[in-house]
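Each remark here refers to the structure printed beneath this line.
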Amino acid sequence: MKYQKVGDIVIVKRDLSQEEIKYLVEKTKCKTIVRYITISGDFRRQYVKILYGRETETIHKEHGCLFKLDVSKIMWSQGNIKERRRMAFISNKYETVVDMFSGIGYFSIPMAKYSKPFIYAIEKNPVAYKYLCENIELNKLKNISPILSDNRDVPLENIADRVLMGYVHKTHKFLDKAFSFLKDRGVIHYHETVPEKIINIRPIERLKFYAKKQGYKLIDYKINKIKKYAPGVWHVVVDALFERL
Ligand SMILES: C[S@@+](CC[C@H](N)C(=O)[O-])C[C@H]1O[C@@H](n2cnc3c(N)ncnc32)[C@H](O)[C@@H]1O
């Protein structure tokens with residue numbers, strides 16, 4: 001049976017029989033089992049049905065970090081585990097980072113703990129923001145400044161060595177803002193879901209288009225596959241280095 005464990009909560013994709021529930025509870029020692037229904041909207045709101053237990057809030061441990069979340073309100077993508085680890089070690093203590101879609105701190109928490117840059121973590125969903133703040137405390141981090149706002153309304157400019165764009169719905173529409181955060185030279189981690197056939201073309205064309213519009217030049221890039229998003233469609237992240245013209 002396929003399932004995902006987030007903290008002490010098990011998430012499944014279909015209804016379960018009483019026997020299956022009993023089996024899973026014994027096997028995983030979980031306190032709650034929920035069935036994942038859908039994720040929707042800009043806030044990536046999670047919809048679930050409770051199959052066993054009551055409590056939907058938990059603390060998930062990953063790569064030595066603690067993430068508190070409510071699985072009935074907030075998404076947790078197991079498929080992004082390697083990317084969360086990669087981001088943990090990609091920065092350094094001399095950098096300033098802007099995380100434009102920080103959620104509960106999926107990337108900001110491990111990055112702040114292990115690479116130690118200073119991070120502005122922006123999140124517009126008040127529920128996700130509440131957990132972001134709690135997770136900063138839980139992990140005893142002093143180098144994250146959480147900001148409750150739509151990232152397009154945040155007036156920071158020319159301050160980031162690195163901008164994280166961990167969001168896959170029309171992410172390119174936020175590139176103008178990403179460049180306004182960026183210093184004269186810096187990296188944007190640009191996420192996109194893209195059909196396999198144009199995986200090496202569309203994200204780079206979009207990055208070049210917005211770079212030119214904002215007075216930057218794409219110096220170097222690497223396309224990393226994160227996971228299969230849908231049949232024939234990949235979730236990729238491009239590490240793209242830019243310089244102001
Ligand atoms: C759920 S995260 C993406 C998943 C995450 N990268 C991971 O590893 O699982 C995306 C977050 O961006 C937030 N968001 C969407 N649009 C935003 C905007 N314009 N400004 C700030 N936050 C935004 C959503 O509320 C959501 O919490």
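All of the numbers you see were taken from the coordinates with simple rules; none came from a lab. Because the structure is predicted, anything quoted here is derived from the model rather than measured. Cβ placement follows ideal geometry from the backbone for every residue including glycine, while neighbour counts extend to all protein chains displayed.
Summing Cβ point charges (Lys, Arg +1; Asp, Glu -1) relative to the Cα centre of the chain gives a dipole of roughly 480 debye. When the stretch 1-111 is described by a simple charge dipole with +1 on each Lys and Arg Cβ and -1 on each Asp and Glu Cβ, the residue from 47, 58, 17 located farthest towards its positive end is 17. Take every pair of alpha-carbon atoms less than 8 Å apart whose residues are at least six positions apart; their mean separation over the length of the chain yields a relative contact order of 12 percent. Label-to-label distance, residue 145 versus residue 222, with points set 7 angstrom from Cα along the beta-carbon direction: 3.0 nm. First measure r as the distance between the Cβ atoms of residue 239 and residue 156, then evaluate 1/(1 + (r/R0)^6) with R0 = 25 Å and state the FRET efficiency to the nearest 0.05. After rounding, the FRET efficiency stands at 0.70. Between rounded, prolate and oblate, where does the stretch 4-76 land on the alpha carbon gyration tensor, with a ≥ b ≥ c its root eigenvalues, rounded for a/c under 1.5, else prolate if a/b exceeds b/c? Since a/c reaches 1.5 but b/c is at least a/b, the shape of the stretch 4-76 is classed as oblate. Over the Cα atoms of the chain, the radius of gyration divided by the Kirkwood radius equals 0.99; this is the Rg/Rh ratio. Amide H to amide H, with H built 1.01 Å from N, residue 234 comes under 5 Å of 194, 196, 229, counting only residues 5 or more places away or on other chains.
For the chain, adding -39500 (n - 2.57) for each run of n ≥ 4 DSSP H residues and dividing by the number of residues yields -7000 deg cm²/dmol at 222 nm. Take the Cβ atoms of residue 47 and residue 205, set R0 to 35 Å, and the FRET efficiency comes out at 0.50. Normalising the Debye intensity of the stretch 74-167 to I(0), with uniform scatterers on Cα atoms only, and taking log10 at q = 0.17 Å⁻¹ returns -0.65.
If R0 is taken as 45 Å, the Cβ-Cβ distance between residue 170 and residue 17 corresponds to a FRET efficiency of 0.65.
Among the listed pairs 68/93; 2/170; 116/228; 2/222, give every one whose C-alpha distance is greater than 28 Å. Those over the limit are 2/170; 116/228; 2/222. Here is the list for the stretch 33-114: GluC sites (Glu not before Pro) lying in DSSP coil, each with at most 15 other C-beta atoms within 10 angstrom of its C-beta, are 55. Measuring gaps between exposed loop sites in the chain (chymotrypsin sites (Phe, Trp or Tyr not before Pro); DSSP loop; at most 12 other Cβ atoms within 10 Å), the longest gap, sites not included, is 95-245.
Distance between the modelled labels on residue 27 and residue 82, one decimal in nanometres: 2.4 nm (7 Å Cα→Cβ projection).
Would you mind ranking 127, 12 by Cβ crowding within 10 Å, fewest neighbours first?
Ordered by Cβ neighbours within 10 Å, fewest first: 127, 12.
Our Cα-only numbers for the stretch 130-197 put the radius of gyration and Dmax at 14.1, 44 Å.
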